[in-house]
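S.K.: Got a structure for you, questions after.
The values are calculated or read from the model by the stated rules, or taken from the named source; none is laboratory data. These numbers were taken from a predicted model, which means no experiment stands behind them. We place every Cβ from the backbone using ideal geometry, glycine too, and count neighbours over all the protein chains shown. For accessibility, only protein heavy atoms count, side chains too; no ligands or nucleic acids. Shrake-Rupley method; radii C 1.70, N 1.55, O 1.52, S 1.80 Å.
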Amino acid sequence: MKNIIVLVSGGGTNLQALIDSEKSGEIKGGKITCVISSNPNAYALERAKNNDIPSRVIPRKEYPDSVSYSEAILEALNEEKADLVVLAGFMTILDECVTRAYAYKIINVHPALIPSFCGEGYYGLRVHEAALAYGVKVSGATIHFVNEKADAGAIILQGTVAVENDDTPETLQRRIMENVEWKLLPKAVSLFCQDRIEIIDGKAYVTE
């Protein structure tokens, strides 16, 4: 059984999707053993508490820079014996000291179809604002591994939704979360925990 550590900063809707999927048996071969938050007031911590999942708070503002903060996160991941790290609305880009130590063991969800509307500065509603401004007809979310570059790791799964004529960033965000993020993130986690993701030449392939 693999130890899944979930990193959060906010409300934790993706964390809740993972918790619900674990309870329903959809996630095979893994268990959420700890939730780590960069924000002491994150509602995600309440979700962890309500489901008897241990949690830790490592406040970003207590560290002078990204490197020192990432080192603290790395120490915590090692202490928790992490097999898989899931970034679920985690609003800090981790230094390469973490991504190298956990190469192809950190999964993130990005609310667009990478390589569109991704990279530094593209997060939250900004992603959906950019997609609507461009006039795309479909959007969606990407589940990918995390490396030292923002949103540049190997893609595991992608899913799409139609963009409606009257969409706002908020309505598009909600549709993508409900129809893609909350379904594909637990699926990718389960695939990882079953050792069904193979890396070939830097690309991720799902195996039967």
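S.K.: Filter segment 103-112 for residues that are small (Gly, Ala, Ser) and either under 14 Å from the mean Cα position of the chain (by Cα) or over 14 Å from His144 (Cα atoms) (or both) and give the result.
M.R.: Passing the criteria: only Ala112.
S.K.: Next question, about the same structure. For segment 75-90, indicate whether the set of residues that are of a type in the set (Val, Ile, Thr), within 22 Å of Phe145 (Cβ to Cβ) and surrounded by fewer than 20 Cβ atoms within 10 Å (Cβ to Cβ) is non-empty. Outline the logic, then answer.
M.R.: Filtering segment 75-90 down to residues of a type in the set (Val, Ile, Thr) leaves 85-86.
The next check asks that each one be within 22 Å of Phe145 (Cβ to Cβ); those that pass are 85-86.
Then keep just the ones that are surrounded by fewer than 20 Cβ atoms within 10 Å (Cβ to Cβ); that gives none.
The answer is no, given that none of the residues of segment 75-90 is of a type in the set (Val, Ile, Thr), within 22 Å of Phe145 (Cβ to Cβ) and surrounded by fewer than 20 Cβ atoms within 10 Å (Cβ to Cβ).
S.K.: Report, by residue number, each residue of segment 113-158 that is of a type in the set (A, V, I, L, M), open to solvent by less than 40 Å² (accessible area, probe 1.4 Å) and within 13 Å of the chain's Cα centre (by Cα).
M.R.: Residues satisfying the conditions are Ala141, Ile143, Val146, Ala150, Ile156, Leu157.
S.K.: Identify, please: which residue in segment 190-208 is of a type in the set (Ser, Thr, Tyr) and over 18 Å from the mean Cα position of the chain (by Cα) and is, among those, farthest from Phe145 (Cα to Cα)?
M.R.: Thr207
S.K.: May I pose another question? Quick check, is Ile19 of a type in the set (A, V, I, L, M), at pLDDT below 95 and at negative phi?
M.R.: Numbers: of a type in the set (A, V, I, L, M): yes; at pLDDT below 95: no; at negative phi: yes.
The answer is no for Ile19.
S.K.: If Asp166 satisfies all but one of (1) over 17 Å from Gly124 (Cα atoms); (2) surrounded by fewer than 17 Cβ atoms within 10 Å (Cβ to Cβ); (3) in contact with a helix residue (DSSP H, G or I) (Cβ under 9 Å, 6 or more places away or on another chain), what's the number of the condition it fails?
M.R.: Checking Asp166 against (1) over 17 Å from Gly124 (Cα atoms); (2) surrounded by fewer than 17 Cβ atoms within 10 Å (Cβ to Cβ); (3) in contact with a helix residue (DSSP H, G or I) (Cβ under 9 Å, 6 or more places away or on another chain), the one that fails is (3).
S.K.: Consider Lys49 carefully, then state whether it is open to solvent by 40 Å² or more (accessible area, probe 1.4 Å), farther than 18 Å from Gly10 by Cα and either at pLDDT 95 or above or not aromatic (Phe, Trp, Tyr) (or both). Step through it out loud before you land on a result.
M.R.: Details: open to solvent by 40 Å² or more (accessible area, probe 1.4 Å): yes; farther than 18 Å from Gly10 by Cα: no; either at pLDDT 95 or above or not aromatic (Phe, Trp, Tyr) (or both): yes.
For Lys49, the condition - open to solvent by 40 Å² or more (accessible area, probe 1.4 Å), farther than 18 Å from Gly10 by Cα and either at pLDDT 95 or above or not aromatic (Phe, Trp, Tyr) (or both) - is not met.
S.K.: Give the residue, chosen from Glu96, Glu181, that is of a type in the set (Asp, Glu) and open to solvent by 60 Å² or more (accessible area, probe 1.4 Å). Steps first, please.
M.R.: Values: Glu181 fails: open to solvent by 60 Å² or more (accessible area, probe 1.4 Å).
So the residue among Glu96, Glu181 that is of a type in the set (Asp, Glu) and open to solvent by 60 Å² or more (accessible area, probe 1.4 Å) is Glu96.
S.K.: Could you please tell me which pairs satisfy a Cβ distance under 6 Å, a separation of 6+ or placement on different chains, a first residue in segment 124-150 that is more than 28 Å from Gly202 (Cβ to Cβ), and a second residue that is crowded, with 17+ Cβ neighbours inside 10 Å?
M.R.: Between residues of segment 124-150 that are more than 28 Å from Gly202 (Cβ to Cβ) and residues that are crowded, with 17+ Cβ neighbours inside 10 Å, the close pairs are Leu125/Pro169; His128/Pro169; His128/Leu172; His128/Gln173; Glu129/Pro169; Lys137/Val163.
S.K.: Right, Lys2: open to solvent by 10 Å² or more (accessible area, probe 1.4 Å), touching a helix residue (DSSP H, G or I) at 6+ places or on another chain (Cβ under 6 Å) and under 18 Å from Lys187 (Cβ atoms) or not? Lay out the reasoning, then the answer.
M.R.: Working: open to solvent by 10 Å² or more (accessible area, probe 1.4 Å): yes; touching a helix residue (DSSP H, G or I) at 6+ places or on another chain (Cβ under 6 Å): yes; under 18 Å from Lys187 (Cβ atoms): yes.
Yes: the conditions hold for Lys2.
S.K.: Taking segment 29-46, which residues are open to solvent by less than 10 Å² (accessible area, probe 1.4 Å) and touching a Lys or Arg at 6+ places or on another chain (Cβ under 9 Å)?
M.R.: Across segment 29-46, the qualifying residues are Gly30, Cys34, Val35, Ile36, Ser37.
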